[in-house]
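Below is one structure, written out as structure tokens; the observations come after it.
The values are calculated or read from the model by the stated rules, or taken from the named source; none is laboratory data. Note that the coordinates shown come from a computational prediction; the quantities given were computed from them, not determined experimentally. Every residue, glycine as well, gets a Cβ built from its backbone with ideal geometry; the counts of neighbours run over all protein chains shown. The protein model used for the area step is the full one, side chains on, heavy atoms only, and it has no ligands, DNA or RNA in it. Shrake-Rupley method; radii C 1.70, N 1.55, O 1.52, S 1.80 Å.
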Amino acid sequence: MKRVLVVDDEPSIVTLLQYNLEQAGYAVEIATDGPKALAKIREGGYFCVLLDLMLPELDGIEVTKQVRRDGIQTPIIIVTAKGEEFDRVFGLEIGADDYITKPFSPREVLARIKAVTRRSERTAVTQKEPDRLVQVGALTIDEDRLQVKRDDKPIALTPKEFELLDYFAERQGRVLDRDTLLNGVWGFNYAGDSRMVDMHVSHLREKIEPDPKHPQYLKTVRGFGYQFGE
């Protein structure tokens, strides 16, 4: 059974999430503050983490930072009562895979979990298939091992950055608009929050491009979107 860690100090939210996640077939564990959450995530074995932003002792942003610094790539969905764009974008910038704003419906939570964990599910399916490598110039994308190299040197990507790059790589040469990328990679209606796409593209360029200011792989097609290719 897939384990989900719910991190929140509001009993009503914990009860709502635990009931609906268990009804959907997940095994749910609970942490009510930042240090406990950090310890549990470091123990490993979680399919996904639902992480409240405002926590006692250590907030969700700091927990996410420390988890990603440790090299742990468990999908993290930040749960926040704050609707400001700064909070959402900053959370994604420091390594969260998604965000969801209170109040939310259980159906929305389940959809977000499904979207951010597609990468893990795909890994399990493809382990028995032949190696799938995509070569674009000096870039090598290993779709099975979830690794990217440039000039044979490993590049560290977050799970969502890898999924976005892989989505581009499978559609080389095509111009993809932001709505297509939101639907294809995030798999949920983000109400036109195209800044999230721009932010992830910018992060990808910083990592995969020899000169991010003059990209040779991931190019902007003004007025339309982005195009990936050598």
Square roots of 5 times each gyration tensor eigenvalue, C-alpha, the stretch 133-180, largest first, Å: 19, 13, 9
Under 15 Å, Cβ to Cβ, from LEU38 - net charge with Lys/Arg +1 and Asp/Glu -1: -4
Exposure rank, largest accessible area first [HIS203, HIS214; 1.4 Å]: HIS214, HIS203
Percent of beta bridges antiparallel (DSSP, the chain, rounded to nearest 5): 50 percent
Additional length obtainable on full extension of the chain from TYR167 to GLU29, 0.36 nm per residue less Cα span: 46.5 nm
With Cα atoms, 0 to 90° folded angle of helix 106-116 axis to the chain main axis: 40 degrees
Cα point-scatterer Debye curve for the chain, base-10 log of I(q)/I(0) at q = 0.08, 0.14 Å⁻¹: -0.30, -0.91
Shape call, the stretch 1-117: gyration tensor on alpha carbons, a/c limit 1.5: rounded
Computed E for ASP198/ASP152 - FRET, C-beta separation, R0 22 angstrom, nearest 0.05: 0.15
Selection from THR180, ALA115, THR80 lying farthest towards where the dipole of the chain points positive, charges on Cβ: THR180
Nearest 10 degrees, 0 to 90: helix 60-69 Cα axis against the chain principal axis: 50 degrees
Degrees between helix 34-43 axis and first principal axis of the chain (Cα, 0 to 90, nearest 10): 60 degrees
Listed residues PRO215, TYR26, LEU133: farthest to the positive end of the dipole of the chain (Cβ charges): LEU133
Prolate/oblate/rounded label for the stretch 1-49 (Cα gyration tensor, a/c 1.5): oblate
Total charge dipole magnitude, the stretch 1-103, about the Cα centre, Cβ charges on Lys, Arg, Asp, Glu only, Debye to nearest 20: 360 debye
Test item: Cα-centred dipole of the chain, Lys/Arg +1 and Asp/Glu -1 on Cβ, debye: 480 debye
ASP179-LEU58 FRET efficiency (beta carbon distance; Förster radius 35 Å; 0.05 resolution): 0.45
For the stretch 148-230: rounded, prolate or oblate by the Cα gyration tensor [a/c cutoff 1.5]: prolate
